[in-house]
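See below for the structure under consideration.
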Amino acid sequence: MKRYDILTLFPEIVLAPLRESIVGRAQEKGLLDIRVVNFREYAQDKHRIVDDLPFGGEPGMVLKPEPIFAAVRDCFREGPNARVILMSPAGQLFDQEMAKALAAEEHLIFICGRYKGVDERVREALVTDEISIGDYVLSGGEIPALVLIEALVRLIPGVLGDEDSARGDSFYEGILDHPHYTRPAVFEGMEVPPILISGHHGQIRRWRRKEALRRTQKRRPDLLREAALNEEDKALLKEIEREEN
């Protein structure tokens, strides 16, 4: 069973989403143990103060190191080799390759910052990974931590009913996903592509790959420069180029 610890000052932000959908089912199946830790409980003074003014003088408050160090060390008792992830706009941009790597880990600790951020000594002594979900600023790290967990849980073996489902997701192989259709075959005059109801599995597979490449070329051409394309992919891209011109 994998173990995720979420260190936060606002447990209610994360508790409800963690009970729902795929993440909730992963816990019900006994594949994942998620624990939400309010690190205010580790504050060392009677008022449980977790933040203070920054040295040097500037607006805002900084999270004190003592409660976070104590909370992380308590989590280490269950797994001293855990990776400690600080959710931060200054971190490395999260992507599917990072998700694959983190999903293989047995124990992850997520630190959800607030205010101006955490005392730098938390980064220096505890954090193994500093991760951002985009070039913008949120009020805290709780929502970004949930984003990571949602992405990781899909990749844990046994969580999804069909393991091939995750492999077909956008970005899993470096490109966007192909279009999807379901019943009815005709809706308000819009028809499902005939190939998808032809029963020719080889042709369907080829169509899906081609449309995934077409979508990626239109919307995220930067991904194609890094994707591991085989000879068939290259031939399909040439077909797409001829069709578009």
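Laboratory data are not the source of any read-out in this text; all were calculated from the coordinates shown. Since we're looking at a predicted model, the values are computed, not measured. When we count neighbours, we look across all protein chains shown, and the Cβ atoms used for this are built from the backbone with ideal geometry, even at glycine.
Could you tell me what percent of the DSSP beta bridges with both partners in the chain are antiparallel, to the nearest 5? Don't jump to the answer; show the numbers that get you there.
Values: 5 of 28 bridges.
Taking every DSSP beta bridge with both residues in the chain, the antiparallel ones total about 20 percent.
Taking every Cα atom in the chain, find the radius of gyration and the maximum pairwise distance Dmax, and write them in Å.
22.4, 72
Under a point spin-label approximation (7 Å from Cα along Cα-to-Cβ), what is the Ile195-Ala101 distance to one decimal in nm?
It works out to 3.5 nm between the two label points.
Between 0 and 90 degrees, rounded to the nearest ten: what's the tilt of helix 142-153 against the longest Cα principal axis of the chain?
50
Starting with the fewest neighbours, write out Asp45, Asp33, Asp135, Asp51 ranked by other beta-carbon atoms found within 10 Å of each beta-carbon.
Values: Asp45 10, Asp33 14, Asp135 7, Asp51 19.
In order of increasing Cβ crowding within 10 Å: Asp135, Asp45, Asp33, Asp51.
Calculated from DSSP H runs of 4 or more alone, at -39500 (n - 2.57) each and per residue, what is the 222 nm mean residue ellipticity of the chain, nearest 500? Provide the component values of the computation, followed by the final result.
On the way: 10 runs with 98 residues, N = 245.
Value at 222 nm, helices only: -11500 deg cm²/dmol.
Using Cα-only point scatterers and the Debye equation, what is log10 of I(q)/I(0) for segment 168-244 at each q in 0.17, 0.27 Å⁻¹, rounded to two decimals?
Results for segment 168-244 at q = 0.17, 0.27 Å⁻¹ read -0.71, -1.32.
Show the residues, 5+ positions off or on another chain, whose built amide H is closer than 5 Å to the amide H of Phe110.
So Phe110 has HN proximity to Asp5, Ile6, Leu7, Ile85.
What does a probe at Asn81 reach in segment 98-126, counting residues whose amide N is under 11 Å from the point 7 Å along Cα→Cβ?
105-107
With a 10 Å Cβ neighbour count serving as the proxy for reagent exposure, in which order, fewest first, do Tyr136, Tyr115, Tyr4 appear?
By the 10 Å Cβ count, ascending, the order reads Tyr136, Tyr115, Tyr4.
Go ahead and run the numbers for FRET between His47 and Arg215, Cβ-Cβ distance against an R0 of 41 Å, rounding to 0.05. Before the final figure, lay out each step's value.
Working: r = 54 Å, r/R0 = 1.33.
Efficiency, rounded to the nearest 0.05: 0.15.
If you line up the long axis of helix 65-76 against the longest principal axis of the chain, both from Cα atoms, how many degrees apart are they, to the nearest 10?
Relative to the chain, helix 65-76 is tipped by roughly 60 degrees.
State which entries of Lys29/Lys100; Lys100/Lys234; Lys29/Lys116 exceed 31 angstrom in Cα-Cα distance in the structure shown.
Values: Lys29/Lys100 21 Å; Lys100/Lys234 25 Å; Lys29/Lys116 38 Å.
Long pairs (Cα-Cα over 31 Å): Lys29/Lys116.
From Cα pairs below 8 angstrom and at least 6 apart in sequence, can you work out the relative contact order of segment 39-136, rounded to a whole percent? Working shown, then result.
On the way: 144 pairs, mean separation 33.8, N = 98.
After rounding, I find 35 percent.
Could you give the angle, 0 to 90 degrees to the nearest 10, between helix 231-244's Cα long axis and the longest principal axis of the Cα atoms of the chain?
Taking the Cα atoms of the chain, the angle to 231-244 is about 70 degrees.
Provide the packing ranking of 82-95, 210-223, 228-241, i.e. peptides ordered by the mean count of other C-beta atoms within 10 Å per residue, highest first. Mind showing how you got there, number by number?
Details: 82-95: 18.6, 210-223: 16.1, 228-241: 12.8.
Listed from highest to lowest mean packing, they are 82-95, 210-223, 228-241.
For segment 113-128, take each phi angle, set θ = phi - 60°, evaluate the Karplus expression 6.51 cos²θ - 1.76 cosθ + 1.60, and give the result in whole Hz per residue in order, putting x for glycine and proline.
Using θ = phi - 60°, the values come out as x, 8, 6, 7, x, 9, 4, 4, 5, 5, 4, 5, 9, 10, 6, 9 Hz.
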